[in-house]
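Everything below concerns the one structure shown next.
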Amino acid sequence: MNVKMWGLILAGAILVAISVIIEVIYSYSLLKPVPWSFYYVPGGTDYAGEFIALIGLILIMAGGYMTREPKE
């Protein structure tokens, strides 16, 4: 068990969880009872959630890459 590996994976998982929460909050903001509420236009909150998810997934992949044993 590598502490560096699990640190990256857990940090990435926390970022992905935060991005899911941001995306869900943004989705609930579209449910207002007005006719234009379902007209989807990506905004800053949407882009922030996507960017945080991307960073989290990169950290998870980097941690997974560290699990490989070096070939001798």
Is there any pair linking a residue in segment 1-12 that is more than 14 Å from Gly56 (Cα to Cα) to one that is open to solvent by 60 Å² or more (accessible area, probe 1.4 Å) and not hydroxyl-bearing (Ser, Thr, Tyr), with Cβ under 9 Å and at least six apart or on different chains, and which?
Asn2/Met66; Lys4/Met66
Scan segment 20-54 residue by residue and report those that are part of a helix (DSSP H, G or I), among the aromatic types (Phe, Trp, Tyr) and either farther than 29 Å from Ile9 by Cα or modelled with pLDDT under 85 (or both).
Tyr26, Tyr28, Trp36, Phe38
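Tally the residues that are part of a loop (DSSP other than H, G, I, E, B) and open to solvent by 70 Å² or more (accessible area, probe 1.4 Å), restricting the search to segment 1-19. If you could, list the steps in order and put the result at the bottom.
Filtering segment 1-19 for residues part of a loop (DSSP other than H, G, I, E, B) gives 1-2.
Narrowing further to those that are open to solvent by 70 Å² or more (accessible area, probe 1.4 Å): 1.
The total comes to 1.
The values are calculated or read from the model by the stated rules, or taken from the named source; none is laboratory data. Everything numeric in this text was worked out from a predicted model, so none of it was measured. Methodologically, a virtual Cβ is constructed for each residue, glycine included, from the backbone with ideal geometry; neighbour enumeration extends over all protein chains shown. Surface accessibility is based on the protein's heavy atoms, side chains included, excluding ligands, DNA and RNA. Shrake-Rupley method; radii C 1.70, N 1.55, O 1.52, S 1.80 Å.
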